[in-house]
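**Student:** Okay, handing you the structure first.
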Amino acid sequence: MSFLHNKNIVLGITGGIAAYKSLSLVRRLKDQGANVRVVMTDAAQEFIRPLSFQALSGNAVHLSLLDAEAEAAMGHIELARWADLIVIAPATANSMARLANGQADDLLTTLCLASKAPLAIAPAMNQAMWSNSVTQQNRQTLVDRGAVILGPASGEQACGDVGEGRMLEADEIVEQIEPLFNLQALSGVRVLVTAGPTREAIDPVRYISNHSSGKMGYAIAQAALEAGASVELVSGPCALVANDRISRTDVESAKEMQQVVLQHIEQVDIFIAVAAVADYRPKQVSGQKIKKQADKMNIELIKNPDILASVAGLQHRPFCVGFAAETEKLEQHARLKLEAKQLDMIVANRVDQSDGGFNSDYNSATVIWAGGQHVFEKTSKSRLATDLVRLIAEHYTI
Ligand code: PMT
């Protein structure tokens, strides 16, 4: 279920050509279960008819401060209180300037001034207007007051210019505003995430590893942060950059990863093991580069410690979530790991498909716990991470 479910969203539409995109935005917000009320400025009505928004939102569109009939139905102060979030999309340079100045000379600006709801603004304007220092000052003023700026995107513009200033697409706006409702799900909770592969040395220049890119683990760490948690990330070698509010320790091997995890574990409420930890390592690590000599060479491998099982086996253990990377019998194998390692939850994902699992930007997952399971269809790893963190937060009990 989306965080937007049952949320009251006032969608403000100002006078820009991108107003047509806001029709899809209303539809996407409704798809997520949000209640949407649209407010249009006079200029917006030059681009698109209010009736279209009325049909899609299922509510009369709010057009004027001075409309006694509309005010009687739901006055602007009532609307300001009703809103859980105000989204202005498209927001013109002029509307940003008026908001930054605290003007209240039409319904939308009055509403913004009167409401305690968070404000999200999706700018849409010519690239020169966007890069103008006055607009940038207004943007900064709005950010300093707590507004969230969504985009803008870069590309070809309606006027023929190319550059930054295009309004984000409806899906991107929905993806960026949903976490605004996710802020408290893990507030005050301490989360430790492992991510990426491990490297098991053969000699000073060679190692055994796997295809993990770290994308899934870093997305989980970011989603936990956005859910209000303080996040510790223990990362195998990868090229990703973590949010600077995430405390990150880099490791190479499974043994190093286990050592760092166990150092932190007593201060942790939830442990999410996303790392693809090598199950085995070479028994002997040569101190020198091994020379090419015989036609055949055998490397004896010994078992690595199971980090997740060692944490789940602690007397005072955190809530333990494992991942299961499977190429067949997804559910069956994941259930066995859930039970064998005594986990609270396991996230099973297929790793035999090119558009999911290792090193992809996308993934799907079946989450299994003692009392049930939930399937997440294929989506971006960041979106999946948000959904997984929400599910984990629901099941986490102190
Ligand atoms: O990094 P990406 O490219 O984004 O790819 C994401 C992923 C496919 C690596 C990720 O989604 C995933 O499936 N991670 C778990 C990989 C794995 O090692 O699965 P497993 O089924 O072998 O292990 C089960 C669980 O035990 C995992 O939580 C793992 O972290 C943990 N484990 C495994 C072995 C070991 N020695 N110690 C462990 O803690």
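**Student:** Going through Ala254, Ala201, Ala219 one at a time, which residue ends up being over 19 Å from the mean Cα position of the chain (by Cα) and within 12 Å of the ligand (Cβ to nearest atom)?
**Tutor:** Details: Ala201 fails: within 12 Å of the ligand (Cβ to nearest atom); Ala219 fails: over 19 Å from the mean Cα position of the chain (by Cα).
Checking each option against the conditions leaves just Ala254.
**Student:** Among the residues of region 275-285, is there at least one that is within 28 Å of the chain's Cα centre (by Cα), free of Cβ contacts under 8 Å to residues at least 40 places away in the same chain and within 15 Å of the ligand (Cβ to nearest atom)? Talk me through it step by step, then tell me what you get.
**Tutor:** First, pick out the residues of region 275-285 that are within 28 Å of the chain's Cα centre (by Cα): 275-278.
So of that shortlist, the ones also free of Cβ contacts under 8 Å to residues at least 40 places away in the same chain come out as none.
Looking for residues that are within 28 Å of the chain's Cα centre (by Cα), free of Cβ contacts under 8 Å to residues at least 40 places away in the same chain and within 15 Å of the ligand (Cβ to nearest atom), one finds none in region 275-285, hence no.
**Student:** If I filter region 294-321 down to residues being more than 13 Å from the ligand (Cβ to nearest atom) and open to solvent by 80 Å² or more (accessible area, probe 1.4 Å), which single residue comes out as nearest to Pro197 (Cα to Cα)?
**Tutor:** Glu300
**Student:** A further question follows. Go through (1) at pLDDT below 95; (2) open to solvent by less than 50 Å² (accessible area, probe 1.4 Å) and name the single condition Ala91 misses.
**Tutor:** So the condition that Ala91 fails would be (1).
**Student:** Looking at region 322-354, which of its residues are touching a Phe, Trp or Tyr at 6+ places or on another chain (Cβ under 7 Å) and more than 8 Å from the ligand (Cβ to nearest atom)?
**Tutor:** Scanning region 322-354 gives Asp344, Met345.
**Student:** Which of (1) surrounded by 14 or more Cβ atoms within 10 Å (Cβ to Cβ); (2) within 22 Å of Val347 (Cβ to Cβ) is the odd one out, the single condition Asn243 does not satisfy?
**Tutor:** (1)
**Student:** Taking interchain pairs and intrachain pairs at least six residues apart, which have beta carbon atoms under 8 angstrom, with the first residue in region 293-310 and over 30 Å from Ala324 (Cβ atoms) and assigned by TED's automatic domain parsing to the domain that holds Ile346 and the second open to solvent by less than 100 Å² (accessible area, probe 1.4 Å) and more than 16 Å from the ligand (Cβ to nearest atom)?
**Tutor:** Listed by first residue and then by second, the contacts come to Met297/Ile290.
**Student:** For region 312-369, please list each of the strands (runs of 3 or more DSSP E) lying entirely inside it that holds at least 1 residues being of a type in the set (Asp, Glu) and over 23 Å from Val231 (Cβ atoms). Please lay out each step first, then the result.
**Tutor:** On the way: elements: 319-326, 345-350, 362-369.
Fully inside region 312-369 and qualifying: 319-326.
**Student:** Which residue is nearest to the ligand (Cβ to nearest atom), if the candidates are limited to region 355-398 and must be farther than 22 Å from Ile270 by Cα and of a type in the set (D, E, K, R)?
**Tutor:** Among those that are farther than 22 Å from Ile270 by Cα and of a type in the set (D, E, K, R), it is Asp361.
**Student:** Now for a separate question. Can you tell me which residue within region 325-342, out of those that are under 21 Å from Ile270 (Cα atoms) and touching a helix residue (DSSP H, G or I) at 6+ places or on another chain (Cβ under 6 Å), is least open to solvent (accessible area, probe 1.4 Å)?
**Tutor:** So, considering only residues that are under 21 Å from Ile270 (Cα atoms) and touching a helix residue (DSSP H, G or I) at 6+ places or on another chain (Cβ under 6 Å), the one least open to solvent (accessible area, probe 1.4 Å) is Lys341.
**Student:** List every residue pair whose Cβ atoms sit under 7 Å apart, with the two residues 6 or more apart in sequence or on different chains, where the first one lies in region 59-83 and is closer than 27 Å to Arg27 by Cβ and the second, anywhere, is polar (S, T, N, Q) and open to solvent by 60 Å² or more (accessible area, probe 1.4 Å).
**Tutor:** Short answer, once both residue conditions are applied: Ala60/Gln54; Val61/Gln54.
**Student:** Right, another one. Please go through region 323-356 and give me each residue that is free of Cβ contacts under 8 Å to residues at least 12 places away in the same chain and of a type in the set (A, V, I, L, M), ordered by number.
**Tutor:** Looking only at region 323-356, we keep the residues that are free of Cβ contacts under 8 Å to residues at least 12 places away in the same chain, and these are 329, 332, 336, 339, 353-354.
Once the filter is applied, which keeps residues that are free of Cβ contacts under 8 Å to residues at least 12 places away in the same chain and of a type in the set (A, V, I, L, M), region 323-356 yields only Leu336.
**Student:** Any residue in region 158-172 that is under 16 Å from Ala100 (Cβ atoms) and in contact with a Leu (Cβ under 7 Å, 6 or more places away or on another chain)?
**Tutor:** So far as region 158-172 goes, no, none of its residues is under 16 Å from Ala100 (Cβ atoms) and in contact with a Leu (Cβ under 7 Å, 6 or more places away or on another chain).
**Student:** Looking at (1) under 23 Å from Ala385 (Cα atoms); (2) assigned to a helix (DSSP H, G or I); (3) open to solvent by 60 Å² or more (accessible area, probe 1.4 Å), can you tell me which one Ile265 breaks?
**Tutor:** It fails just one condition, (3).
**Student:** Any residue at all in region 175-182 that is away from the ligand (no atom under 16 Å from the Cβ) and closer than 23 Å to Ala93 by Cα?
**Tutor:** Looking only at region 175-182, we keep the residues that are away from the ligand (no atom under 16 Å from the Cβ), and these are 175-182.
Imposing the further condition that a residue be closer than 23 Å to Ala93 by Cα reduces the set to 176-177.
Within region 175-182 (the criterion being away from the ligand (no atom under 16 Å from the Cβ) and closer than 23 Å to Ala93 by Cα), the answer is yes, since at least one residue qualifies.
**Student:** Take region 4-25 and flag every residue that is crowded, with 24+ Cβ neighbours inside 10 Å and part of a helix (DSSP H, G or I).
**Tutor:** Ala18, Ala19, Ser22, Leu25
**Student:** Moving to a separate point now. Please work out which residue is farthest from Met257 (Cα to Cα), limiting yourself to region 139-171 and to residues that are open to solvent by 80 Å² or more (accessible area, probe 1.4 Å) and assigned to a helix (DSSP H, G or I).
**Tutor:** Asp144
**Student:** Shifting gears a bit: When you look at Met125, is it in contact with a Gly (Cβ under 6 Å, 6 or more places away or on another chain) and outside any strand (DSSP E or B), yes or no? Step through it out loud before you land on a result.
**Tutor:** Numbers: in contact with a Gly (Cβ under 6 Å, 6 or more places away or on another chain): yes; outside any strand (DSSP E or B): yes.
It is true that Met125 is in contact with a Gly (Cβ under 6 Å, 6 or more places away or on another chain) and outside any strand (DSSP E or B).
**Student:** Still on this structure: Can you pull out every residue in region 172-204 that is over 30 Å from Gln258 (Cα atoms), among the β-branched types (Val, Ile, Thr) and modelled with pLDDT of 95 or more?
**Tutor:** If the condition is that a residue be over 30 Å from Gln258 (Cα atoms), among the β-branched types (Val, Ile, Thr) and modelled with pLDDT of 95 or more, then Ile173, Val174 are the ones that fit.
**Student:** Taking the residues in region 188-230 that are surrounded by fewer than 24 Cβ atoms within 10 Å (Cβ to Cβ) and of a type in the set (Val, Ile, Thr) as candidates, determine which candidate is nearest to Met297 (Cα to Cα).
**Tutor:** Going through the qualifying residues, I end up with Ile202.
The values are calculated or read from the model by the stated rules, or taken from the named source; none is laboratory data. Just so you know, these numbers come straight off a predicted model, no measurement behind them. Please note: Cβ atoms are built from the backbone with ideal geometry, for glycine as well, and neighbour counts cover all protein chains shown. Each accessible area value is taken on the protein alone, full model and side chains, heavy atoms only, with ligands, DNA and RNA left out. Shrake-Rupley method; radii C 1.70, N 1.55, O 1.52, S 1.80 Å.
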